[in-house]
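Reviewing the structure listed below.
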């Protein structure tokens with residue numbers, strides 16, 4: 001799929017980003033893709049206020065991928081959706097943390113996730129960082145495998161799930177944890 005390059009989100013994108021993340025992970029629509037986690041965690045994953053806070057923060061960016069604008073008479077154009085993909089990249093002391101990574105379920109498997117990951121890598125390099133890190137729910141072997149195919153490796157670090165903090169959802173089981181993964185970047189390369 002071709003189209004515009006990922007861009008830095010603005011506060012005006014907050015609702016669309018929150019909707020996209022919910023669609024990719026926790027909604028009925030998420031069951032059409034392979035990233036659903038609704039069987040593990042219900043409720044919200046992020047809300048527009050949280051996204052606005054991330055957009056306004058000095059230590060990171062929210063990247064979004066807009067739908068391509070259909071050309072005149074383009075009968076094969078996809079139905080209009082506000083955003084196709086997104087992620088948050090946070091600058092930390094020695095690494096860039098990638099979170100809120102989402103691709104619209106109906107469009108998964110078309111390379112959009114890899115485009116967003118490449119944009120996150122480029123952002124890390126712009127900050128002179130050469131390591132990306134992220135966390136994945138431990139009961140998501142297919143997602144862990146996808147990140148491994150993209151060059152990430154498990155770190156062996158296991159983070160507790162934020163039980164009791166409804167801002168991150170309602171756990172459907174008592175044994176959830178987040179597994180740490182990292183990827184080393186070529187400092188001079190491109191994603």
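The values are calculated or read from the model by the stated rules, or taken from the named source; none is laboratory data. Not measured: the values here are computed from a predicted model. When we count neighbours, we look across all protein chains shown, and the Cβ atoms used for this are built from the backbone with ideal geometry, even at glycine.
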Inset, instruction - Within segment 68-106, count every residue that is at pLDDT below 95, farther than 14 Å from residue 9 by Cβ and crowded, with 19+ Cβ neighbours inside 10 Å. - result: 3
Inset, instruction - May I ask you to verify whether residue 117 is modelled with pLDDT of 95 or more and crowded, with 17+ Cβ neighbours inside 10 Å? - result: yes
Legend entry - Extreme residue, farthest from residue 143 (Cα to Cα), among residues of segment 7-44 that are assigned to a loop (DSSP other than H, G, I, E, B) and modelled with pLDDT of 95 or more: 10
Inset, instruction - Please find, within segment 149-191, the residue that is nearest to residue 99 (Cα to Cα) out of those that are touching a residue at least 24 places away in the same chain (Cβ under 8 Å) and part of a helix (DSSP H, G or I). - result: 168
Inset, instruction - Pairs only if they're at least six apart or on different chains, beta carbon under 8 angstrom, first in segment 47-66 and at positive phi and at pLDDT 95 or above, second crowded, with 23+ Cβ neighbours inside 10 Å and in a helix (DSSP H, G or I); list them, first residue then second. - result: none
Legend entry - Residue count for segment 121-151, restricted to those that are at negative phi and surrounded by fewer than 15 Cβ atoms within 10 Å (Cβ to Cβ): 7
